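Student: Pasting a structure below so you can have a look.
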Amino acid sequence: MIWVYGICDRPELAPPRRRGLAQAPLDGLREGELLAVFTRHARSVGEPAPDALWAHERVVERLMADRAVLPMRFGSTVDGEDALRRFLLERRQPLLAALARIAGRVELGVRILELHASGNGSAPAVATIAAGAATGRDYLISRLRDGKRAEQLATTLHEPLATLAADARLQTARGADDVLRGAYLVERGVVPRFRVTVERLQLAHPEVAILCTGPWPPYTFVSDA
């Protein structure tokens, strides 16, 4: 079984001298302008334990240090080198187009949470009906207004970040306090400016907490390949 970590450009560069899952040495398969980096395993690696997930991620992050890489999702396997070569041949044009699109760029993640001050300065454990919302109808109207305000705030915060990115993908909110969850594809040289913009937005909007993570391999932006 072959475990694939990423599809890279610059195939003249050998895979890094490091080990992947189960301490297997990295190997590479070149097909034209593409290089697939993988490890060989006699049997399935098994469940995605945290150490295995981090081993996979460390390989991908090392690859992106000196080349463009389309990171493969954890668990991407093929039966052997022939199957891997067929994949590279059949998907050659989409893979090359995706590599060209992400070359020199990284992914930054942004999550923005609304802060709710309570009497002791901390967020309340449960939501309460706003003061003055004496009826169910009033409460629903109040929630609708809050929702519109949150949408306007999300737009206000997203736009200056999106202007610094080559692409941006907004994600579905996962909690009531989520104002925005997004991934931004950013030129490496723009990363410091992006972070400064995040800091300025935080200072201008103390009613939210803005979390910026990365740079990461561009997982969010390679699904089309």
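The values are calculated or read from the model by the stated rules, or taken from the named source; none is laboratory data. Note that the coordinates shown come from a computational prediction; the quantities given were computed from them, not determined experimentally. When we count neighbours, we look across all protein chains shown, and the Cβ atoms used for this are built from the backbone with ideal geometry, even at glycine.
Student: Among the residues of segment 150-181, write down those that are more than 19 Å from Val106 (Cβ to Cβ), of a type outside the set (A, V, I, L, M) and over 15 Å from the mean Cα position of the chain (by Cα).
Tutor: Glu151, Gln152, Thr155, Thr156, Glu159, Arg174, Gly175, Asp177, Asp178
Student: If you don't mind, there's one more thing I want to ask. Could you check, for segment 185-202, whether at least one of its residues is at pLDDT 90 or above, of a type in the set (A, V, I, L, M) and not in a helix (DSSP H, G or I)? Give the derivation first.
Tutor: Taking segment 185-202 first, the residues at pLDDT 90 or above are 185-202.
Next, only the ones that are of a type in the set (A, V, I, L, M) stay: 185-186, 190-191, 196, 198, 201.
Filter once more, so that each one left must be not in a helix (DSSP H, G or I): 185-186.
Looking for residues that are at pLDDT 90 or above, of a type in the set (A, V, I, L, M) and not in a helix (DSSP H, G or I), one finds at least one in segment 185-202, hence yes.
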